[in-house]
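Quick notes on the structure that follows.
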Amino acid sequence: MTKHPAARRDPGYLGLTRSVAALPASDYFDAAHYERELGRIWYRNWLYVGRSSEVREARSFRTFSIGTQSVVIVRGEDQQVRAFHNTCRHRGAALCQAAEGRFPPAGIVCPYHAWRYSLKGELLQTTSKQLPDDFEPRDLGLYGLPVTEWNGCIFVSLSDHPPAFAKNFDLPLNRLDAWHMDRLAVGHRSRKTIACNWKVFWENYNECLHCPGVHPKLAQLVPLFGRALLEPKDDPHWQDHATDQDPRFRGGLRAGATSWTMDGQPVGVPFPDLSAEDRKSGHVYLTGLPSIFIVGHVDYMRIVRILPLGPELTEMSIEYLFLPESLEAKRNIASAVEFTQTVMGEDAQICEVNQRGLHALAHARGVLMPEEYVIQQFQDWVRAELARP
Ligand code: FES
Ligand SMILES: [Fe+2]
């Protein structure tokens, strides 16, 4: 390849101007490194568990696992959601074996020696004939964990001192307010395991250099993606088309399309409070590292949860959210599901292709190209998290 002449770049250009060394390839499969990431990233930050509606009734619970950790999330009689390590204070048995259910009015009873706890985690009863003289039930409540509900979504942290909730989101938390997420209902769910490291998933998500080749349908629907760009200013010569209303340059959906569906037509009742700009763009993304991204379209939302299952295995769960009236009217939402399942399936497949190549003995690390500036930000975040004392 010949050397490039000195490049011209318009002011405001977002891309990298120098090539950047990527993370070491072994960081994507080395078991010890994976354990370190679990400890420093996954056990410290806020993780998306699921929708509040999954524990709508008092006493309903669900369990959530990450790495070696298991957590019980329960809604109390006072409607408060609480989270506890799924571990009895007696000799450490796992309290709940089921993925979800409802505790009896008596509370949480350990399956081993039947210690009983309230839904607030207080130890109410042991089964010993007599308590030791110095026994203090108050000191033996369940191990509580930080938990929060935001927009109908439950997040938990395995750290007693998690970062501020908003810290790892890429946009202000009110960016999706117009969708009134807490009122939405889940119309469809899907789950898939991908044979790749969790970082491979996020890196693929953070660039569109692969869009024209990997996502032919998406590249048609969002013509800017078809040019391998995420944002208009990813083009070094974006000013040449600064006022051009063609979606190839300004972003947004192709002419005639309004939603991310097979034919571009909405399938659900459109959200009434979206701005003209959000309707025109057709998608607004909000990402919360390391576990979630949310997309708002004109008639549905998608919540995608990522969970590492191993150094080279990642689970992707997707929830499709609609206005309740869309589901009550039994609208056919298949076209929205099919479209995004196609795109996410293509991503899953290419992530596995990426993962397979990373083991080459000669490949110490990759290189980031101009369009991959968000990957650089992601990798800087990963490095900073790992370096955090
Ligand atoms: S381990 Fe739970 S009661 Fe013994
Ligand atoms: Fe993609």
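Based on DSSP H runs of at least 4 residues, each adding -39500 (n - 2.57), what is the mean residue ellipticity at 222 nm of the chain after dividing by all its residues, to the nearest 500 deg cm²/dmol?
About -6000 deg cm²/dmol.
One-quarter of the Cα convex hull surface for the range 164-274, in nm²?
9.8 nm²
Taking a Cβ-Cβ separation under 4.7 Å as the criterion for a possible partner, which cysteines of the chain have none?
That list is 96, 153.
What full-extension length gain, to one decimal in nm, is calculated for residue 69 and residue 386 as 0.36 nm per residue of separation minus the Cα-Cα distance?
112.2 nm
Relative contact order of the range 46-157, please, whole-number percent, based on alpha carbon pairs below 8 angstrom and at least 6 residues apart.
Relative contact order here is 29 percent.
What part of the accessible area of the range 276-366, given as a whole %, is carbon or sulfur when the probe is 1.4 angstrom?
For the range 276-366, the apolar C and S fraction of the accessible surface comes to 55 percent.
Give the accessible surface of the range 274-342 per residue, rounded to a whole number of Å², with probe radius 1.4 Å and ligands, DNA and RNA excluded.
For the range 274-342, the per-residue accessible area is 32 Å².
Accessible area per residue of the range 46-157 at 1.4 Å probe, in Å²?
Per residue, the range 46-157 has an accessible area of 50 Å².
Could you tell me whether the range 15-167 comes out rounded, prolate or oblate from its Cα gyration tensor? Rule is a ≥ b ≥ c as square roots of the eigenvalues, rounded for a/c under 1.5, then prolate if a/b exceeds b/c, otherwise oblate.
Cα axes put the range 15-167 in the prolate bin.
Could you size up the charge dipole of the chain around its Cα centre, putting +1 on the beta carbon of Lys and Arg and -1 on that of Asp and Glu, and report it in debye to the nearest 20?
420 debye
At a 10 angstrom cut-off on C-beta neighbours, averaged per residue, how do the peptides 123-132, 281-290, 194-203 rank from highest to lowest?
Sorting 123-132, 281-290, 194-203 by mean packing, highest first, produces 194-203, 281-290, 123-132.
Report, as a whole number in µm² per second, the diffusion coefficient that Stokes-Einstein gives for the chain at 4 °C and 1.567 mPa s using the Kirkwood radius over alpha carbon pairs.
56 µm²/s
Hey, got a sec? Which trypsin sites (Lys or Arg not before Pro) in the range 19-57 land in a DSSP loop and have at most 13 other Cβ atoms within 10 Å?
56
To the nearest 0.05, what FRET efficiency results for residue 133 and residue 106 with a Förster distance of 25 Å applied to their C-beta separation?
Here the calculated transfer efficiency is 0.40.
Which whole-number percentage describes the relative contact order of the range 248-389, with Cα contacts under 8 Å and a sequence gap of 6 or more?
For the range 248-389, the relative contact order is 19 percent.
What does the charge count around residue 284 come to, taking other residues whose C-beta lies under 14 Å from its C-beta (Lys +1, Arg +1, Asp -1, Glu -1)?
Net of charged neighbours comes to -3.
Over the chain, what is the relative contact order in percent, taking alpha-carbon pairs closer than 8 angstrom and at least six residues apart?
23 percent
Using the per-residue mean of other Cβ atoms lying within 10 Å as a proxy for protection, in what order, highest first, do the peptides 91-102, 291-302 fall?
291-302, 91-102
What's the magnitude of the charge dipole for the range 325-366 around its Cα centre, counting Lys and Arg as +1 and Asp and Glu as -1 at the beta-carbon? Answer in Debye, nearest 20.
200 debye
Which residues in the range 141-168 place their backbone N less than 20 Å from a point set 7 Å from the Cα of residue 93 along the Cα-to-Cβ direction?
Answer for the range 141-168: 141-144.
Can you tell me the equivalent ellipsoid semi-axes for the range 64-140? Use √(5λ) from the Cα gyration tensor, largest first, whole Å.
Equivalent ellipsoid of the range 64-140: 22, 15, 11 Å, largest first.
Which percent of the accessible heavy-atom area of the range 46-157 goes to carbon and sulfur, probe 1.4 angstrom?
Whole-percent figure for carbon plus sulfur exposure: 46.
Straight-line reach only, C-alpha to C-alpha below 21 angstrom: list the lysines that residue 233 could link to, leaving out same-chain residues fewer than 8 apart.
The qualifying lysines are 280.
Within the set of other residues whose C-beta is less than 15 Å from the C-beta of residue 125, count the net charge using Lys and Arg as +1 and Asp and Glu as -1.
Cβ neighbours under 15 Å give a net charge of +3.
Say the dipole of the chain comes from +1 at the beta carbon of Lys and Arg and -1 at that of Asp and Glu; which of 31, 247, 344 then lies farthest toward its positive end?
31
Please give the net charge around residue 102, taking every other residue with its beta carbon less than 11 angstrom from that of residue 102, where Lys and Arg add +1 and Asp and Glu add -1.
So the surrounding residues net to +2.
Percentage of Cα-Cα pair distances in the range 217-352 greater than 25 Å, rounded to whole percent?
Percentage above 25 Å: 32.
The values are calculated or read from the model by the stated rules, or taken from the named source; none is laboratory data. Everything numeric in this text was worked out from a predicted model, so none of it was measured. As a convention, Cβ positions derive from the backbone with ideal geometry for all residues, glycine included, and neighbour counts pool all protein chains shown. Note: accessible area is taken over every heavy atom of the protein model, side chains too, but ligands, DNA and RNA are not part of it. Shrake-Rupley method; radii C 1.70, N 1.55, O 1.52, S 1.80 Å.
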